[in-house]
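Notes for the one structure printed next.
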Amino acid sequence: MVLRRVAAECPKKVAGLVDLVNLPTALREFAGGQSQMSHLTFFHRVWSYIKDNNLQEKWPVTLRLAPKRA
């Protein structure tokens, strides 16, 4: 797993992802009432919510560029 390799090479980079942080009130409701959660765990929870509720856009997204102005 990439995270394990990075953790072995430079643990300070991973420490910010796994350290517990206090969640604001609005995010506590989303996190199931937990007052603290790691960034990585919260990211997984948000991504699961997006997938479970089909909120991800279909790829590839077509980008429309504005016409060039002369």
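The values are calculated or read from the model by the stated rules, or taken from the named source; none is laboratory data. The structure displayed is predicted, hence computed values, not measured ones. Cβ coordinates were reconstructed from backbone atoms using ideal geometry, including for glycine residues, and neighbour counts include every protein chain displayed.
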- Message: Could you list, ordered by first residue, the pairs with Cβ atoms under 7 Å in which the first is in the stretch 45-70 and within 30 Å of E29 (Cα to Cα) and the second is at pLDDT below 85 and loosely packed, with under 10 Cβ neighbours inside 10 Å, at least 6 apart or interchain?
- Response: I50/Q56
- Task: Run down L63, L17, L23 and say which single residue is modelled with pLDDT under 85 and surrounded by 10 or more Cβ atoms within 10 Å (Cβ to Cβ).
- Result: L17
